[in-house]
Amino acid sequence: MNQALPNCSIASSQLRRLSRQLIRQLGLLDAACGNLPLSPIQAHSLIELGESQHSIKQLADNLNIDKSNASRAVSQLVDKGFAKSQPNPRDNRSLVVQLSPKGKKLLNKLDQQQNQLFSEIMAQLTQEQILSLEIALGHYNKAIKQSKSQNGFIVREIEVRDNPHIAQVIRQVSDEYGLTADKGYGVADKSLDSLSEEYQADNARYWVIELDNKILGGAGIAPLAGENGVCELQKMYFLPEVRGKGFAKRLALQGLRFASEQGFDSCYLETTANLIEAIRLYESLEFKHLDSPLGNTGHDACEIAMLRSLSND
């Protein structure tokens with residue numbers, strides 16, 4: 001069985017452990033930030049206020065904390081003379097907060113302290129390791145944001161009751177992009193109104209996205225007809241309500257992991273130049289463009305064929 005993609009539960013456990021260690025090593029559980037009279041949340045507030053004045057709500061949003069915690073941190077900074085507040089000229093029901101001269105001096109000390117700390121940390125790493133770390137942390141940070149934007153949504157395997165709803169999603173999105181049923185696109189498939197029955201085999205799956213009992217999108221994996229050892233990423237469509245939240249990447253990766261577990265050697269897909277965002281996603285997931293199509297999909301209007309290896313790197 002190929003294992004090109006890591007087991008999610010193992011990777012999740014390791015990442016949780018490393019994240020805990022990182023928080024502890026950086027002193028984010030300490031009462032004070034280094035040798036300065038600031039808690040970690042006060043230090044982060046100070047940094048944000050150093051860039052511009054903020055309302056409490058803006059500060060809470062930037063720090064990803066609730067409004068009461070942001071208000072408490074600001075009150076503490078004001079009490080210590082590091083910040084000052086005044087009525088918001090755009091909304092007299094709220095306040096805007098900015099640093100005082102004393103706060104700006106403290107921020108300068110905080111910057112010096114943190115620069116020294118991270119200079120000592122970076123001294124333990126090669127330039128290549130630093131670059132790799134920056135890229136990895138960028139991906140990690142983006143994944144966290146996307147995960148939070150997906151709160152409340154349910155990703156699950158398709159059921160019979162979903163058939164008419166996911167069919168309508170596919171028709172609506174296809175119409176939006178001009179993929180008409182009179183041509184060789186997936187929307188013309190005879191199985192469109194019975195997708196749950198099409199993915200009953202052990203080596204096939206289709207997942208839907210649900211919110212408040214409404215189906216908003218889906219994607220599937222099934223063997224590619226006419227090609228041994230090759231699966232196909234199929235019928236990945238999303239309504240506007242779920243776009244931009246990372247679901248396309250999430251379902252594609254879920255499909256690739258499933259395909260790898262089933263022992264497929266590679267994953268194939270067909271698409272069209274109209275779907276610019278989708279093509280960019282596939283390229284980012286290491287799908288390679290092919291000169292000619294594979295298998296027998298029946299989608300002769302899809303002029304772009306792509307393939308991704310599922311073998312060990």
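Miscellaneous remarks
- All lysines inside 20 Å of Lys84 as judged from Cα atoms, apart from same-chain residues fewer than 8 positions distant: Lys57, Lys67, Lys102, Lys104, Lys105, Lys109
- Charge context of Leu99, other residues only, Cβ under 15 angstrom, K/R +1, D/E -1: +2
- Expected 222 nm ellipticity per residue - DSSP helices of 4 or more, -39500 (n - 2.57), all of the chain, to 500: -14000 deg cm²/dmol
- Relative contact order of the range 8-144: 17 percent, from C-alpha pairs under 8 Å at least 6 residues apart in sequence.
- Rg over Rh for the range 8-144 works out to 1.03, using Cα positions for both radii and the Kirkwood form for Rh.
- Going by neighbour counts of Cβ atoms within 10 Å, the residues Ile279, Ile144 line up, fewest first, as Ile144, Ile279.
- Calculated FRET value between Glu159 and Gln98, using beta carbons and R₀ = 45 Å, to 0.05: 0.25
- Among Asp189, Asp66, Asp265: highest mean-square fluctuation, GNM of the chain, C-alpha pairs under 10 Å: Asp66
- Electrostatic bookkeeping for Ile23 treats Lys and Arg as +1 and Asp and Glu as -1; over the other residues with beta carbon under 15 Å from its beta carbon, the sum is +3.
- If the Kirkwood radius is taken over C-alpha pairs of the range 34-81, then at 20 °C and 1.002 mPa s the Stokes-Einstein diffusion coefficient equals 201 µm²/s.
- 30 Å tail of the calculated P(r), the chain, as % of Cα pairs: 50
- Selection from Gly218, Leu233, Ser119 lying farthest towards where the dipole of the chain points positive, charges on Cβ: Ser119
- Total formal charge among the other residues, if their Cβ is under 10 angstrom from that of Ala259, Lys/Arg +1 and Asp/Glu -1: 0
- Among the trypsin sites (Lys or Arg not before Pro) found in the range 65-118, those both in a DSSP coil and sparsely packed, with 15 or fewer other Cβ atoms within 10 Å of their Cβ, are Lys80, Arg90.
- On Cα atoms only, tilt of 247-261 relative to the major axis of the chain in degrees: 60
- Taking each residue as 0.36 nm, the span from Arg280 to Arg72 lengthens on full extension beyond its C-alpha to C-alpha distance by 70.5 nm.
- Rounded to the nearest 20, the Cβ-based charge dipole of the range 8-144 about its Cα centre (Lys and Arg +1, Asp and Glu -1) stands at 440 debye.
- Summary value for the range 139-241: 28 percent relative contact order, contacts being C-alpha pairs under 8 angstrom separated by 6+ residues.
- The magnitude of the dipole of the chain, with charges of +1 and -1 set on the Cβ of Lys/Arg and Asp/Glu and taken from the Cα centre, is near 2120 debye.
- A cut-off of 5 Å between modelled amide H atoms, ignoring neighbours fewer than 5 places along the same chain, links Ser266 with Cys231, Leu310.
- If the chain linking Asn203 and Leu29 were pulled fully straight, counting 0.36 nm for each residue of separation and taking away their Cα-Cα distance, it would gain 58.0 nm.
- The distance between label points at Gln146 and Ile65 comes to 2.8 nm (points 7 Å beyond Cα on the Cα→Cβ vector).
- Cα gyration tensor shape of the range 154-309, rounded if a/c is under 1.5, else prolate or oblate by comparing a/b with b/c: rounded
- Which listed pairs, of Lys145/Lys214; Lys80/Lys148; Lys148/Lys190, have C-alpha distances above 31 Å, in listed order: Lys80/Lys148; Lys148/Lys190
- Rounded Å value of the spacing that divides the Cα centres of the range 58-84 and the range 250-313: 47
- In terms of other Cβ atoms within 10 Å, Met236, Met122 run from fewest to most in the order Met122, Met236.
- Taking the chain and dividing mean pair separation by its residue count, relative contact order in percent (alpha carbons under 8 Å, at least six apart): 16
Any read-out appearing in this document is the output of simple, stated calculations on the displayed coordinates, not a laboratory observation. Remember, predicted model here, so these are calculated numbers, not experimental data. Quick reminder, even Gly has a Cβ in these numbers, built from the backbone with ideal geometry, and neighbours come from all protein chains shown.
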